[in-house]
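The values are calculated or read from the model by the stated rules, or taken from the named source; none is laboratory data. Predicted model only: the values in this text are computed from it and were never measured. Note: ideal-geometry Cβ built from the backbone for every residue, glycine included; neighbour counts use all protein chains shown.
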Amino acid sequence: MATEPELGASAGSAPSAPAPAPRVLCLGEALVDRLGPPGGDPARDAPVDDRLGGAPANVACALARLGTPSAFVGRLGLDPIGEAFRQLFNARGVNTAALQLDPERPSRIVLVRRDAAGERQFGGFAGERGGGFADQALAADGLAAALGPLLAAARWLLVGTIPLASPAASSALQLAVRQAAAAGVALALDVNWRPTFWDGAADPASGPSAAQAAWIQPLLHQAALIKCAREEAIWLFASADPARVSAALPQRPAVLITDGAAPLRWWLGGRAGELPAFAVPVVDTTGAGDAFTAGLLHGLVGRPELLQEPLAAGAVEQALRFAAACGALVCRGAGAIDPQPSEQQVLAFLGESAADIGAP
């Protein structure tokens, strides 16, 4: 696998040929996950491992690695983290025409605790200088002009809920959603609830308040595809049944509910089902869900009929197994982006898994 840019590295040269028009736009945060030592606190314990991340940035990079042209829409500081991201996006071929650079606010560092099994919990931030972080200041001004050409060939706009926690970024997100709808581009929502982005003193395991849930509702009512964790589904819908979640929304979206190592539950293409997780040695689960999202969007770009009714269950399960394999492979390495697989690596992994199942 190719070596990724390190933090603080200088930006690479421009690609020799124009990048293809993006099929998926990923809007939201790009940040550094500061991974603490297993069982330790990244705020005070060494060694720490700084990794480029942020759900939308993760998905954009994973899509590009899989071969689906993508764009990142967000805001970064003019600092070593922002420079490292620009080099990374350039190396992966991610379109950055709608990337904003902030001369005043820094890029965000998220403190990530890890337990002995690689499971993580987000526990605050580092690097803030009194004026907030660059991702919070994503500006609607100028965004419409930047998005226009990108939406012309796009099939999906992927968003999460984190931008809703900041007034400026929330306005920019809502503008992008309206513009995508006008262009006929479908909305994919990864709920990705992170209470510390809304309130730094919040319990990282707490659910959204009634007011916060109300902010999320408009996105839930517009998305054609919703991915959420089991606890998020219960908080927002009082159910972890994807068919019931879909039926509770007017547009009847596809719904995928993850639950760690437990089976994925889904409602897609008019069918419900479950898919067991792949058993792999886990180094770090950060970004596994984002790799899954990228794998699914990669499949939907190539086969949009997967969302239509009726469709053979085998086709849906094949697409979901591919997406699940993307997530499993990311768990085998540190960080969210470095371990992301190519399409060929995913297919090879699926072939090995099938052979293991069939072995006597």
(request) Name the residue, out of 248, 224, 213, that is in contact (Cβ under 8 Å) with a residue 60 or more places away in the chain and out of contact with any Lys or Arg (no Cβ under 9 Å at 6 or more places or on another chain). (result) 224
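Quick one: which of 88, 143, 138 is among the aliphatic types (A, V, I, L, M), in contact (Cβ under 8 Å) with a residue 24 or more places away in the chain and either surrounded by fewer than 19 Cβ atoms within 10 Å (Cβ to Cβ) or touching a Lys or Arg at 6+ places or on another chain (Cβ under 9 Å) (or both)?
Of 88, 143, 138, the one residue that is among the aliphatic types (A, V, I, L, M), in contact (Cβ under 8 Å) with a residue 24 or more places away in the chain and either surrounded by fewer than 19 Cβ atoms within 10 Å (Cβ to Cβ) or touching a Lys or Arg at 6+ places or on another chain (Cβ under 9 Å) (or both) is 138.
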(request) Go through the stretch 277-305 residue by residue and tally those that are part of a helix (DSSP H, G or I) and surrounded by fewer than 19 Cβ atoms within 10 Å (Cβ to Cβ). (result) 3
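Considering every residue within the stretch 280-287, establish whether at least one is modelled with pLDDT of 95 or more and polar (S, T, N, Q).
As a first pass, look at the stretch 280-287 and keep what is modelled with pLDDT of 95 or more: none.
Looking for residues that are modelled with pLDDT of 95 or more and polar (S, T, N, Q), one finds none in the stretch 280-287, hence no.
So which of 181, 233 is surrounded by fewer than 15 Cβ atoms within 10 Å (Cβ to Cβ), part of a helix (DSSP H, G or I) and in contact (Cβ under 8 Å) with a residue 24 or more places away in the chain?
Numbers: 233 fails: surrounded by fewer than 15 Cβ atoms within 10 Å (Cβ to Cβ).
Among 181, 233, only 181 is surrounded by fewer than 15 Cβ atoms within 10 Å (Cβ to Cβ), part of a helix (DSSP H, G or I) and in contact (Cβ under 8 Å) with a residue 24 or more places away in the chain.
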(message) Quick check on my filter: what residues within the stretch 262-273 are part of a strand (DSSP E or B) and over 16 Å from residue 328 (Cβ atoms)?
(response) 265, 266, 267, 268, 271, 272, 273
(request) Scan the stretch 151-191 residue by residue and report those that are touching a Pro at 6+ places or on another chain (Cβ under 6 Å) and of a type outside the set (Gly, Ala, Ser). (result) 173
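Specify the residue that is modelled with the highest pLDDT; the eligible residues are those in the stretch 247-262 that are under 13 Å from residue 327 (Cα atoms) and of a type outside the set (A, V, I, L, M, F, W, C). Write out each step before concluding.
Within the stretch 247-262, the first condition is being under 13 Å from residue 327 (Cα atoms), and the residues that meet it are 258-261.
This time we only want the ones that are of a type outside the set (A, V, I, L, M, F, W, C), so: 258-260.
Values: 258: 94, 259: 91, 260: 83.
Out of the qualifying residues, it is 258.
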(request) State which residue is farthest from the chain's Cα centre (by Cα) when the search covers only the stretch 183-241 and only residues that are modelled with pLDDT of 95 or more and among the acidic types (Asp, Glu). (result) 241
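From the list 148, 124, 132, 200, exactly one residue is outside any loop (DSSP other than H, G, I, E, B) and over 26 Å from residue 294 (Cβ atoms). Which is it? Steps first, please.
Values: 148 fails: over 26 Å from residue 294 (Cβ atoms); 132 fails: outside any loop (DSSP other than H, G, I, E, B); 200 fails: outside any loop (DSSP other than H, G, I, E, B).
So the residue among 148, 124, 132, 200 that is outside any loop (DSSP other than H, G, I, E, B) and over 26 Å from residue 294 (Cβ atoms) is 124.
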(request) Please state which one of 336, 323 is surrounded by 21 or more Cβ atoms within 10 Å (Cβ to Cβ), in a helix (DSSP H, G or I), of a type outside the set (D, E, K, R) and touching a residue at least 24 places away in the same chain (Cβ under 8 Å). (result) 323
(request) Quick one: which residue in 330, 316, 255, 245 is surrounded by 17 or more Cβ atoms within 10 Å (Cβ to Cβ), touching a Pro at 6+ places or on another chain (Cβ under 7 Å), among the β-branched types (Val, Ile, Thr) and assigned to a helix (DSSP H, G or I)? (result) 330
(message) Tell me yes or no: at least one residue of the stretch 101-114 is closer than 22 Å to residue 195 by Cβ, free of Cβ contacts under 8 Å to residues at least 40 places away in the same chain and not aliphatic (A, V, I, L, M).
(response) yes
(request) With respect to residue 55, determine if the residue is buried (at least 24 other Cβ atoms within 10 Å of the Cβ) and within 20 Å of the chain's Cα centre (by Cα). (result) yes
